[in-house]
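A short write-up of the structure that comes next.
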Amino acid sequence: MRAYIIRRLLQSLIVIKVVLVVVFVMLHLTGDPADVLMPEDSTLEDVAEFKKAMGFDKPLHVQYFNFLFGFGKSKGVLRGDFGFSFRHELPAVDLVFEHFPATIDLALVAVIISIVVALPTGILSATFRNTWIDYVSSIGSMFGQSMPNFWLGLMLILIFAVGLDLLPTSGYEGWEYIILPALTAGLYQTARIMRVVRSGMLEVLGSDYIQTARSKGVSEYLVIVRHALKNASIPVVTLIGLELGVLLGGTVVTEAVFAWPGVGFLVIDAINNQDYPVVQAAVTLLALIFVGINLIVDIIYAWLDPRIVYG
Amino acid sequence: MAQEQHATVGEFAEAAEEPRGPTNFQLAVRDLKRRPPALFGLIFLVIVLLWALVPWLFSPLDPYDQNLRIFLKPPGFVDPAGNFYLLGTDQQGRDMLSRIIWGARISLIVGFAAVVVSGFIGITLGIVAGYFGGVIDAIISRIIDSALSIPFILLAMSIVAIMGPSLRNVILAIAIRTWIVYARVIRGTVLSVKEVEYITGAKASGCSTFRVLFMHVLPNVLSPAIVIATLYLGRMIIIEAALSFLGVGVPPPTPTWGGMLSHGREYIDTAWWIAFFPGMILMLTVLSVNLLGDWLRDTLDPKMKRLTE
């Protein structure tokens, strides 16, 4: 177990290292970061001066070293310094942290909604396999996986804001603001968790010990709740953990639809204004969180189910 | 993630032992007739394909033709010249129906191209990782983990914004992430077939490594690759639309469903049809692709079920 945890830790460090390379290379995709960062009408002198100040006149490997360990006023990303946002004149990392709570709220509520919807429907669907309950929920999950969530967001706005005038459509000023965005953001996850719960339950329900329990005369309710659910829940727990990680970085489109003041909205604004330090900081932090959640989920998994082969 | 990969090895070991006859295709066609959802998917997809290939045959009006005097007219509007606008007009007075029909092009081109590009990268890396193992496998596996941890939409948006919005860059931005799906599954498949007798036999009889990989390993991974391609085609179409929606897709005035939807958000209080119709068609297209994909998976390779869910 300890060897497994150490190996997973090392792997995570390597992953973070690769992510940093990607985030660094991002600005160099066109060959010259000054192209990307400077306004189009800058004079040649301005560009030259800017390059010198940022260290972009140095060879690439030196620039990468400076990116990690600091150059000029910057302390380097390894010490949490992604430079200043050009637009807001604040440290990029601070801006991202400022917008983070809104994204976390959105992702958490979305995951909670999708669990509340998906768990019972998935279980019912498997228990009453090939009945109308199963058909309806399977069709629902098929639509859920095919519907672009930003379109669902637009339709929710049409129905609940424009049509019924019940809920607000943009900003975050109270609990009623989170309902439509959370439904939108959680759509795909709901459909996915539902399918996994259903197939997990079906697999467990077909196993020997369930047959044994049934033949002993255990009531069907107890078979499902006591015996089947416990074993079907392990992959679901893993999936929910991972989906939370995916959602934190995946609410961008939802945030755009509802003008939700989270990290995604911040990044869209930053991209439109060529404010790339903010983009780099956001991508790196979200990747770090994803790697962290993944690590924790894997360790919990190994602890829950000691039979797994540590690979 | 490690556990998933281990599960796949076992599953594919079983899958590889079952002989697959050449009549699968005929069986599949027969089966299709018994599955109305898949048949619906096929028919709808053929229609959208035709829209993409020969839009001028279906489009009643010019999708680029602006007329600010008739902007934001509701479905069923008839202008003084007698032109009929079945789905209404957009914010620049262009015919919604014609723009939806022409918009099928970008969605399908990006979807198919992204599937092919990511498939090429993913199959190659998956085979190399699975076959050679060791350090190469470890390196590719870490690259896969890293690509997984970077938020997809943010990365794609940044790439398009930095490299400039164009068809090519949108395809690259999508493919740069989706190859990992192929790579992971195919790595597992290769691990399970590389010790099978006919492959060790081919090696023993002096086949070059390239020949072994190309002639003996590749055919084994084609059927999971096709299944992944169909199951992910729909998602790629959605991602293209999302990028256009966010303003970093194929630039206007080219009609794209996602681009139309972003105007739908703008005018949602006054013109519901701009937000409704392009999204409806987009959803039906993705649904069709997914229904066909499910059917293809069940007929080609039932063992894929757990992997792709």
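The values are calculated or read from the model by the stated rules, or taken from the named source; none is laboratory data. It should be emphasised that the depicted structure is a prediction, and the values quoted were computed from it without experimental measurement. Don't worry about glycine lacking a Cβ; one is built from the backbone with ideal geometry, like all the others, and counts go over all protein chains shown. For accessibility, only protein heavy atoms count, side chains too; no ligands or nucleic acids. Shrake-Rupley method; radii C 1.70, N 1.55, O 1.52, S 1.80 Å.
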Worksheet item: If you find the alpha carbon centre of segment B:143-212 and of segment A:30-101, how far apart are they in angstrom?
Response: 32 Å
Item to complete: Take the Cα pairs of chain B, get the Kirkwood Rh, then feed it into Stokes-Einstein at 4 °C and 1.567 mPa s and tell me D in µm²/s.
Response: 61 µm²/s
Response to the item:
At 20 °C and 1.002 mPa s, the Stokes-Einstein diffusion coefficient in µm²/s for segment A:232-311, with hydrodynamic radius from the Kirkwood sum on alpha carbon pairs, is 150 µm²/s
Worksheet item: Put A:Phe65, B:Phe58 in order of accessible area, largest first, 1.4 Å probe: what do you get?
Response: A:Phe65, B:Phe58
Worksheet item: Could you work out the helix-only [θ] at 222 nm for chain A, with each DSSP H run of four or more residues adding -39,500 (n - 2.57) and the total divided by the number of residues, to the nearest 500 deg cm²/dmol?
Response: -23000 deg cm²/dmol
Worksheet item: R0 = 25 Å: FRET efficiency of B:Leu53 with B:Leu222, Cβ-based, nearest 0.05?
Response: 0.45
Item to complete: Mind pulling the angle between the C-alpha long axis of helix A:60-69 and the longest principal axis of chain A? Nearest 10 degrees, somewhere in 0 to 90.
Response: 70 degrees
Worksheet item: How compact and how long is the protein assembly as shown, expressed as Rg and Dmax of its alpha-carbon atoms in Å?
Response: 25.6, 86
Discussion item. From the alpha carbon gyration tensor of segment A:121-235, can you work out the equivalent ellipsoid semi-axes (sqrt of 5 times each eigenvalue) and give them in Å, largest to smallest?
Written reply: 37, 14, 12
Response to the item:
From most to least accessible, 1.4 Å probe, no ligand or DNA/RNA atoms counted, A:Arg79, B:Arg30, A:Arg192 line up as A:Arg79, B:Arg30, A:Arg192
Discussion item. Which residues, if any, in segment A:111-153 lose at least 30 square angstrom of accessible heavy-atom surface (probe 1.4 Å) when the other protein chains sit next to their chain rather than the chain being alone?
Written reply: A:Met142, A:Phe143, A:Ser146, A:Pro148, A:Phe150, A:Trp151
Worksheet, complete the sentence: Scattering profile of segment A:1-100 from the Debye formula, Cα beads only, expressed as log10 I(q)/I(0) at q = 0.21 Å⁻¹, is -1.22
Worksheet item: Which helices, counted as full DSSP H runs in chain B, have an axial Cα extent of no less than 18 Å and a Kyte-Doolittle average of 1.0 or above?
Response: B:36-53, B:96-132, B:134-149, B:167-193, B:218-245, B:272-300
Fill in: FRET efficiency estimate (nearest 0.05) - Cβ-Cβ, B:Ile136 to B:Val116, R0 22 angstrom
0.35
Worksheet item: Counting only protein heavy atoms, what percent of the accessible surface of chain B is carbon or sulfur at a 1.4 Å probe?
Response: 67 percent
Worksheet item: Want the number for A:Phe128 to A:Phe143: 0.36 nm per residue separation, take away the alpha-carbon distance, what's left?
Response: 3.4 nm
Worksheet, complete the sentence: The answer for B:Phe77, listing residues at least 5 apart or on another chain whose modeled amide H is closer than 5 Å to its amide H, is B:Tyr85, B:Gly88
Worksheet item: Tilt of helix A:276-304 relative to the longest C-alpha principal axis of chain A, in degrees (0 to 90, nearest 10)?
Response: 30 degrees
Worksheet entry | Neighbour net charge for A:Ser170 - beta-carbon separation under 13 angstrom, K R +1, D E -1 | -4
Worksheet entry | Estimated buried accessible area (total), pair B and A, 1.4 Å, Å² to nearest 100 | 4600 Å²
Discussion item. Counting only protein heavy atoms, probe 1.4 Å: which residues of segment B:277-293 lose 30 Å² or more of accessible surface in the full assembly compared with their chain by itself?
Written reply: B:Met283, B:Leu287, B:Asn290
Item to complete: Using label points projected 7 Å from each Cα along Cα→Cβ, tell me how many nm separate B:Met163 and B:Arg34, to one decimal.
Response: 4.5 nm
Item to complete: Just read off the accessible area of A:Glu89 with the full protein assembly in place, 1.4 Å probe, to the nearest 10 Å².
Response: 140 Å²
Worksheet item: What share of Cα pairs, in percent, lie more than 11 angstrom apart in segment A:134-175?
Response: 70 percent
Worksheet item: If we count every other residue with Cβ under 14 angstrom of A:Leu180's Cβ, Lys/Arg +1 and Asp/Glu -1, where does the sum land?
Response: -4
Response to the item:
Heavy-atom accessible area with a 1.4 angstrom probe orders B:Arg297, A:Arg226, most exposed first, as A:Arg226, B:Arg297
Worksheet entry | Size of electric dipole in segment B:88-241: Cβ of Lys, Arg +1 and of Asp, Glu -1, about Cα centre, debye, nearest 20 | 140 debye
Worksheet item: Reachable lysines from A:Lys58, Cα under 26 Å, same-chain residues fewer than 8 places away excluded?
Response: A:Lys17, A:Lys73, A:Lys75
Worksheet entry | In Å², nearest 10: area of A:Phe86 left accessible to a 1.4 Å probe | 90 Å²
Practice prompt. Using just the helices of chain B, give the 222 nm mean residue ellipticity in deg cm²/dmol: DSSP H runs with n ≥ 4 each add -39,500 (n - 2.57), and the total is spread over all residues, rounded to 500.
Written response: -23500 deg cm²/dmol
Fill in: Residue-level accessible surface for A:Ser138, protein heavy atoms, 1.4 Å, Å²
40 Å²
Worksheet entry | Cα-centre dipole for segment A:195-311 with unit charges at Cβ (Lys and Arg positive, Asp and Glu negative), debye to 20 | 640 debye
Worksheet item: So what's the angle, to the nearest 10 degrees on a 0 to 90 scale, between helix A:44-54 and the longest Cα principal axis of chain A?
Response: 60 degrees
Worksheet, complete the sentence: In Å², rounded to a whole number, the accessible area per residue of the protein assembly as shown with probe 1.4 Å is 46 Å²
Worksheet, complete the sentence: Here the net charge surrounding B:Thr256, from other residues whose Cβ is less than 12 Å away from its Cβ (Lys, Arg +1; Asp, Glu -1), is +1
Fill in: 1.4 Å probe, heavy atoms, protein only - residues of segment A:260-274 losing at least 50 Å² accessible area vs chain alone
A:Ile271
